[in-house]
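Below is one structure, written out as structure tokens; comments come after it.
The values are calculated or read from the model by the stated rules, or taken from the named source; none is laboratory data. What you are looking at is a predicted structure, and each value in this text was computed from that prediction instead of being measured. Cβ atoms come from the backbone with ideal geometry, glycine included; neighbour counts cover every protein chain shown.
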Amino acid sequence: MSRERRRRRGGALLAGATLLAALGLSACGSSGDDTSTPTPSVTFTAGTTMARLHDAGKIIIGTKFDQNLFGLKNLSGQPEGFDVEISKIVTDALGIPRDKVSYVETVSANREPFIQQGRVDLVVATYTINDKRKKVVDFAGPYYVSGQSIMVSKNNTDITGKDTLAGKKVCSVSGSTPAENIRRVAPTAQLVLFDVYSKCADALKNGQVDAVTTDKGILLGLVDKDPDAFKVVGGTFTKEPYGIGLKKGDDAFRNFINDTLEAAYKDGRWEKAYTSTLGKVEPTVPTPPAVDRYTS
């Protein structure tokens with residue numbers, strides 16, 4: 001090989017390494033790193049959802065706006081948290097600039113309709129994968145596994161877990177898996193339903209209910225906001241695998257997201273998303289869950 005060819009080849013390898021390094025830095029941005037934009041030169045098969053979104057250069061993500069550590073609207077009007085960081089991993093892989101990602105508030109009851117109606121392209125919103133939901137939407141992931149628990153007032157000594165909820169007023173959210181679960185594990189509890197968990201927290205603080213039940217991570221976020229008012233008791237009594245919701249039957253898009261998640265597990269982006277959000281209250285980093293490449 002001539003000296004000139006070696007020089008050109010070396011320059012090309014250096015440029016490629018620089019590009020990969022830039023991509024890694026962009027993909028690993030924190031919640032406040034919305035000014036960084038992905039720069040990958042990617043191409044997708046024509047006609048796929050990936051090609052449509054990449055060519056449009058924009059995407060709409062459904063997420064929670066009231067759940068500390070997962071999806072909470074900040075002072076600048078943008079949501080931040082673990083779910084938001086997971087969504088950035090996907091949108092970066094699509095080559096969509098961060099400032100072209102639009103977030104729409106989704107509550108537990110409207111996640112499936114928003115996907116079916118095309119109001120959002122994806123939902124990343126503490127969205128438990130279960131067989132009932134898989135009948136109408138598809139899921140990539142899971143990217144995190146939580147478990148249902150109980151939150152009570154800081155000075156409460158009567159409720160210590162699910163077995164002490166008989167006759168108690170227990171708050172959860174309409175359309176959520178935890179609401180369905182509590183009917184089964186504590187059938188004599190009085191279930192009070194709101195549309196968002198922040199209203200449950202307010203009701204608990206005001207003495208309107210005796211406990212709040214949902215996934216432990218969500219409850220820890222509520223405790224983190226008001227540690228003098230609340231505490232979590234009783235451990236967990238379910239497994240809640242969180243997935244990314246998308247339109248039913250879009251197998252190519254689901255495979256792409258699963259591939260993207262697996263890559264993020266290996267290169268540290270998932271761990272960085274966790275430590276910058278949930279890791280603030282649960283510092284031990286869990287092992288990322290294996291994605292479920294189920295067939296419909």
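All conditions in (1) assigned to a loop (DSSP other than H, G, I, E, B); (2) outside the structural domain of V212 (by TED's automatic domain parsing) hold for G167, with the sole exception of (2).
Restricting the stretch 241-255 to residues that are hydrophobic (A, V, I, L, M, F, W, C) and either crowded, with 17+ Cβ neighbours inside 10 Å or under 13 Å from the mean Cα position of the chain (by Cα) (or both), which is nearest to V120 (Cα to Cα)? Here the residue is L246. Selection of helices (runs of 4 or more DSSP H) fully inside the stretch 191-296 by the criterion of at least 1 residues being hydroxyl-bearing (S, T, Y) and closer than 20 Å to T106 by Cβ returns 197-205.
Just a yes or no: is a residue in the stretch 190-201 surrounded by 22 or more Cβ atoms within 10 Å (Cβ to Cβ) and charged (D, E, K, R)? Even if it seems obvious, please write down each step before you answer.
First pass over the stretch 190-201, keeping only residues surrounded by 22 or more Cβ atoms within 10 Å (Cβ to Cβ): 197, 200-201.
In the following step, the residues that additionally are charged (D, E, K, R) were identified as none.
Scanning the stretch 190-201, I find no residue that is surrounded by 22 or more Cβ atoms within 10 Å (Cβ to Cβ) and charged (D, E, K, R), so the answer is no.
Among the numbered conditions (1) in contact (Cβ under 8 Å) with a residue 40 or more places away in the chain; (2) hydroxyl-bearing (S, T, Y); (3) in a loop (DSSP other than H, G, I, E, B), the only one that T157 does not meet is (1). Among residues of the stretch 85-106 being in contact with a Phe, Trp or Tyr (Cβ under 9 Å, 6 or more places away or on another chain) and either at pLDDT below 95 or of a type in the set (V, I, T) (or both), the one that is nearest to M50 (Cα to Cα) is V90.
Hey, any hits in the stretch 95-107 for a residue that's acidic (D, E) and crowded, with 23+ Cβ neighbours inside 10 Å?
Scanning the stretch 95-107, I find no residue that is acidic (D, E) and crowded, with 23+ Cβ neighbours inside 10 Å, so the answer is no.
Considering the stretch 59-130, the qualifying strands (runs of 3 or more DSSP E), each wholly inside and each with 2 or more residues that are β-branched (V, I, T) and in contact (Cβ under 8 Å) with a residue 12 or more places away in the chain, run over 59-63, 101-105.
Matching residues to (1) acidic (D, E); (2) buried (at least 23 other Cβ atoms within 10 Å of the Cβ); (3) within 22 Å of L220 (Cα to Cα):
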residue: F139; (1), (2), (3): no, yes, no
residue: L165; (1), (2), (3): no, yes, yes
residue: T177; (1), (2), (3): no, no, yes
residue: V185; (1), (2), (3): no, no, yes
